[in-house]
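Asks: Below you'll find the structure I mean.
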Amino acid sequence: MLERRSRAGALLLLAVALAPALAAAAGPPSAERQAALLYLLRQDCGSCHGMTLKGGLGPSLLPEALEGKDSEGLAEIILHGVRGTPMPPWDVELSPEEARWLARELKSGIRP
Amino acid sequence: MRKLLVCLVALLLHGAVVTAAELRGTGDLGIVIERAAGSVQIVETTHRVALGRVEGLGDLSHASAVFSRDGRYAYVFGRDGGLTKVDLLERRIANRVVQAGNSIGGAISDDGSLVAVANYEPGGVKVFDAETLTPVADIPSVTLADGKRAKVVGLEDSGHRRFAFSLYEAGQTWLADLADPAHPKVERFENVGKLPYDALVTPDGRFYIAGLFGEDGLALIDLWHPEKGATHILEGYDKGEEPLPVYKMPHLEGWAEAGDLLFLPAIGRHELLVVERRDWQEVGRIPVHGQPVFAEARPDGRQVWVNFAHPDNDVVQVIDVPTLRVVDTLRPGKAVLHLEFTPRGEQVWISARDSDEVVVYDTETRTVMTRINAAKPSGIFFTARANRIGL
């Protein structure tokens with residue numbers, strides 16, 4: 001039995017292909033991109049974490065639930081997923097800076 | 001006295017007019033969940049129109065519905081633990097209770113008397129009188145090492161006032177007999193597999209099948225012979241290959257059965273698995289556009305329509321059952337979340353969340369018949385579900 005892996009070859013290739021674009025996008029996301037990220041958070045992360053982020057099949061992402069977790073670590077989870085759980089890696093769509101921005105927003109209690 | 005008589009006559013006439021206008025069946029009605037607004041639209045499939053909107057159903061970011069056996073009421077299960085009984089004829093909320101902190105779905109008993117809700121927080125199943133929404137039974141799941149209770153998924157009607165459901169973290173399936181709701185009898189299948197995430201009951205009510213996130217395979221229970229226990233089907237479907245990441249979990253309820261064939265999802269694989277129902281052997285795999293979320297058979301079993309997880313969710317594919325091939329790839333709109341056939345399958349209604357539209361197709365020509373505005377639509381549920389086993 002193969003353990004569920006949170007990364008797949010095809011997506012890795014895609015990530016490599018996108019890497020230059022992501023590197024160019026380093027720095028805080030633009031206002032437009034921030035809106036897109038919050039939409040993604042509410043609608044698609046919301047599939048598992050709830051549109052209000054209070055949790056579903058995935059855990060709550062409200063600030064009180066994230067206490068004791070630093071935003072760097074959260075960004076790593078967003079980018080690379082969690083092995084053995086349904087949390088997938090989002091690094092095919094999000095740059096590290098975007099993941100860090102989302103993590104900070106979550107910690108500060110953003111209501112997407 | 002004369003004044004009173006006039007009043008009475010006027011009242012009677014008014015009553016007659018209102019009744020005549022409102023006298024109608026519900027067989028061509030349904031609801032469309034508007035997930036962000038916490039509302040539902042009442043829709044009608046004969047003229048393909050929205051009749052009106054009912055608001056105030058709470059957090060519907062994840063929602064599903066079952067129907068009373070007379071097809072008049074929808075029971076809507078919301079994310080916030082809300083159970084709302086919607087009157088499709090009067091287009092209003094008939095009753096509503098918030099029965100838990102976080103819910104995933106529910107089912108209605110074969111006799112229409114009991115509505116059961118699967119809860120994540122606190123983990124367990126609560127059962128309500130379908131008429132009054134008075135609580136009649138509470139079945140907590142198991143307590144885990146972290147002190148929380150296991151989340152309940154895949155709650156399905158299993159006939160004879162029984163409900164089957166699975167415990168996500170605990171890897172169990174329970175079969176609860178509510179013949180006497182005050183004393184539910186629960187049969188436990190303790191090791192069905194790792195992380196059951198959702199389940200279905202076959203349309204004849206005989207088999208309960210749970211998808212497993214933590215294993216390559218699905219758990220199967222023969223409800224005619226529960227004493228045989230749970231077995232695994234399609235074990236090792238990965239065949240050693242690396243699974244792809246899953247950006248939305250498949251939803252098993254309503255997955256396609258067509259003739260002797262059952263179409264099932266593989267977690268992390270962009271294909272449908274096809275099994276022969278007689279011996280549960282894999283007879284084929286159909287490569288598709290992405291991770292399937294729903295795969296629904298047209299009621300005649302000739303076609304299966306499939307939608308996909310993010311980021312492939314702008315596509316719906318149509319599979320021809322006799323040849324097991326994709327025969328059409330449609331782009332109804334952005335972020336397709338659900339699809340529902342009319343009772344005889346001549347139309348399919350598809351929700352496109354990011355297009356704020358429900359798109360109605362003629363299933364034979366696969367042309368768009370109409371588009372209906374809806375705010376971030378997700379689930380579409382028609383009253384024909386009232387007469388289906390296993391929901």
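Asks: Explain nothing, just the number: relative contact order of chain B, from Cα pairs under 8 Å at least 6 residues apart, as a whole percent.
Replies: It rounds to 11 percent for chain B.
Asks: Compactness ratio of region B:92-233: Cα Rg over 2.2 N^0.38 Å, N = residue count?
Replies: It is 0.99.
Asks: Here's something else I'd like to know. Could you state the number of Å between the C-alpha centres of region B:187-245 and region B:140-177?
Replies: The distance from the Cα centre of region B:140-177 to that of region B:187-245 comes to 14 Å.
Asks: Most mobile of B:V327, B:V98, B:V86 per a Gaussian network model of chain B (Cα springs, under 10 Å)?
Replies: So, out of B:V327, B:V98, B:V86, the one fluctuating most is B:V327.
Asks: Among all the aspartates and glutamates, which ones have a C-alpha under 15 Å from B:K85's C-alpha, if same-chain residues fewer than 8 places away are not counted?
Replies: Partners found: B:E55, B:D59, B:D70, B:D129, B:E131.
Asks: Ok, one more. What ranking of B:H289, B:H310 emerges when the number of other C-beta atoms within 10 Å of each C-beta is taken as an exposure proxy, fewest first?
Replies: B:H289, B:H310
Asks: Mind checking which lysines have their C-alpha under 22 Å from A:K107, skipping anything on the same chain fewer than 8 residues away?
Replies: List returned: A:K54, A:K69.
Asks: Under a plain spin-label model, where a point goes 7 Å from the Cα along Cα-to-Cβ, how far apart in nm are B:L89 and A:A36?
Replies: Label at B:L89, label at A:A36, 5.0 nm between them.
Asks: If you don't mind, another one. Just to be sure I understand: with springs between alpha-carbon atoms less than 10 Å apart, which residue in B:R353, B:R24, B:R79 has the highest mean-square fluctuation in the Gaussian network model of chain B?
Replies: Among B:R353, B:R24, B:R79, the largest GNM mean-square fluctuation belongs to B:R24.
Asks: Rounded, prolate or oblate: pick one for region B:224-308, where a ≥ b ≥ c are the square roots of the eigenvalues of its C-alpha gyration tensor, a/c under 1.5 means rounded, and failing that, prolate if a/b is larger than b/c, else oblate.
Replies: The shape class here is oblate.
Asks: Just checking the output field for B:237-246: average partner chain Cβ neighbours within 10 Å of each residue's Cβ?
Replies: 5
Asks: Once the mean 1/r over all distinct Cα pairs of the protein assembly as shown is inverted, what Kirkwood radius in angstroms do you read off?
Replies: Radius from the Kirkwood sum: 23.5 Å.
Asks: Over all residues in B:185-198, what is the mean tally of Cβ atoms on other chains that come within 10 Å of each residue's Cβ?
Replies: Per residue, the number of nearby Cβ atoms from other chains is 1 on average.
Asks: Looking at chain B as a GNM with Cα springs under 10 Å, which of B:D28, B:D356, B:D300 has the largest mean-square fluctuation?
Replies: The residue that fluctuates most here is B:D300.
Asks: Mind checking the mean number of beta-carbon atoms from other chains within 10 Å of the Cβ atoms in B:116-123?
Replies: 1
Asks: Using Cβ counts within 10 Å as a stand-in for footprinting exposure, how do B:H47, B:H251 rank, fewest first?
Replies: Fewest to most other Cβ atoms nearby, the residues stand as B:H47, B:H251.
Asks: Continuing with the same structure: Is the C-alpha gyration tensor of chain B telling us rounded, prolate or oblate? Criteria: a/c under 1.5 is rounded; beyond that, a/b larger than b/c is prolate, otherwise oblate.
Replies: Oblate.
None of the figures in this text is laboratory data; all of them are computed from the coordinates on show. Fair warning: this is a prediction, and the values are worked out from it, not measured in the lab. A quick note on method: Cβ atoms are made from the backbone with ideal geometry, for glycine too, and the neighbour counts reach across all protein chains shown.
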